1. Mind telling me which of the residues A:Tyr46, A:Tyr86 ends up being among the aromatic types (Phe, Trp, Tyr) and in contact (Cβ under 8 Å) with a residue 24 or more places away in the chain?
2. Do we find that B:Lys14 is modelled with pLDDT of 90 or more, within 11 Å of chain A (Cβ to nearest Cβ) and surrounded by fewer than 21 Cβ atoms within 10 Å (Cβ to Cβ) in this structure?
3. Among the residues of segment A:59-111, write down those that are among the aliphatic types (A, V, I, L, M) and within 30 Å of B:Thr54 (Cβ to Cβ).
4. Among the listed residues A:His40, A:His77, A:His108, which satisfies the condition of being in contact (Cβ under 8 Å) with a residue 40 or more places away in the chain and surrounded by 13 or more Cβ atoms within 10 Å (Cβ to Cβ)?
5. Quick one: would you say B:Ser80 is more than 9 Å from chain A (Cβ to nearest Cβ), at pLDDT 95 or above and closer than 23 Å to B:Lys9 by Cβ?
6. Just name the residue that is surrounded by the most Cβ atoms within 10 Å (Cβ to Cβ) out of those in segment B:37-64 that are more than 8 Å from chain A (Cβ to nearest Cβ) and closer than 21 Å to A:Arg37 by Cβ.
7. Among the listed residues A:Leu20, A:Leu62, identify the single one that is closer than 19 Å to A:Leu110 by Cα and under 14 Å from the mean Cα position of the chain (by Cα).
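The values are calculated or read from the model by the stated rules, or taken from the named source; none is laboratory data. Note that the structure is a prediction, hence the values are computed from the model and not measured. All Cβ positions, even for glycine, are placed from backbone atoms using ideal geometry, and neighbour counts span all protein chains on display.
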Amino acid sequence: DAKTTQPTSMDCAEGRAANLPCNHSTISGNEYVYWYRQIHSQGPQYIIHGLKNNETNEMASLIITEDRKSSTLILPHATLRDTAVYYCIVRALNRDDKIIFGKGTRLHILP
Amino acid sequence: NAGVTQTPKFQVLKTGQSMTLQCAQDMNHNSMYWYRQDPGMGLRLIYYSASEGTTDKGEVPNGYNVSRLNKREFSLRLESAAPSQTSVYFCASSEGFGFGDSTEAFFGQGTRLTVV
């Protein structure tokens, strides 16, 4: 089973920041938080990942709480092309190395 | 840079027929995965291979077999297709364990399979 809980859907106005929450209360010390998105029927696309520090790249920012039990993906200036399903995943670096997806959040960017 | 290539892109099978979905990656990744995605649902892991020569079951392995032919290729076989296997199948690869930092997975564009 997926180790994360996300809202089913969210709306965000174009040009505003989209904040997507994720709960991962059972996360282990060696597990990273990853975010992917899937636009329409394409293959999922990696966005960002982190362990315990906040991370930023050209696509998004990832804010992880101090207790690591939840995180927020921030798209700073959402565009219509950001309409997609966003998946939050926790994953450990060990031989098992499974990547298990949950149901994700369907983000609608409104014009 | 091809990344992860899946063939075929579309396929229609009759119930009971067999077929093999092919996946190849050119990134020298250790780990490879097969997922299925039913309409309106998230991805579910069928099988994965953490390294060449090893395969393990995922969440929904029944009705499927896999072969990690070499480091580049990971195939998924349906021995006797059933309508319940109608889905979009995605292959993915990642660096996998043993590296200094976590790494992302790269996905193919999917194979749309219909079993009638």
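1. Only one candidate qualifies: A:Tyr86.
2. no
3. A:Ile89, A:Val90, A:Ala92, A:Leu93, A:Ile99, A:Ile100 - these are the residues of segment A:59-111 that are among the aliphatic types (A, V, I, L, M) and within 30 Å of B:Thr54 (Cβ to Cβ).
4. Numbers: A:His40 fails: surrounded by 13 or more Cβ atoms within 10 Å (Cβ to Cβ); A:His77 fails: surrounded by 13 or more Cβ atoms within 10 Å (Cβ to Cβ).
That would be A:His108, the only listed residue that is in contact (Cβ under 8 Å) with a residue 40 or more places away in the chain and surrounded by 13 or more Cβ atoms within 10 Å (Cβ to Cβ).
5. It is true that B:Ser80 is more than 9 Å from chain A (Cβ to nearest Cβ), at pLDDT 95 or above and closer than 23 Å to B:Lys9 by Cβ.
6. Among them, the one singled out is B:Gln37.
7. That would be A:Leu20, the only listed residue that is closer than 19 Å to A:Leu110 by Cα and under 14 Å from the mean Cα position of the chain (by Cα).
A quick yes/no check of all residues on (1) at negative phi; (2) within 14 Å of chain B (Cβ to nearest Cβ); (3) out of contact with any helix residue (DSSP H, G or I) (no Cβ under 6 Å at 6 or more places or on another chain); (4) at pLDDT below 95:
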| position | (1), (2), (3), (4) |
| --- | --- |
| A:Ala18 | yes, no, yes, no |
| A:Cys22 | yes, yes, yes, no |
| A:Gly29 | yes, yes, yes, yes |
| A:Val33 | yes, yes, yes, yes |
| A:Tyr46 | yes, yes, yes, yes |
| A:Val90 | yes, yes, yes, yes |
| A:Asp96 | yes, yes, yes, yes |
| A:His108 | yes, no, yes, no |
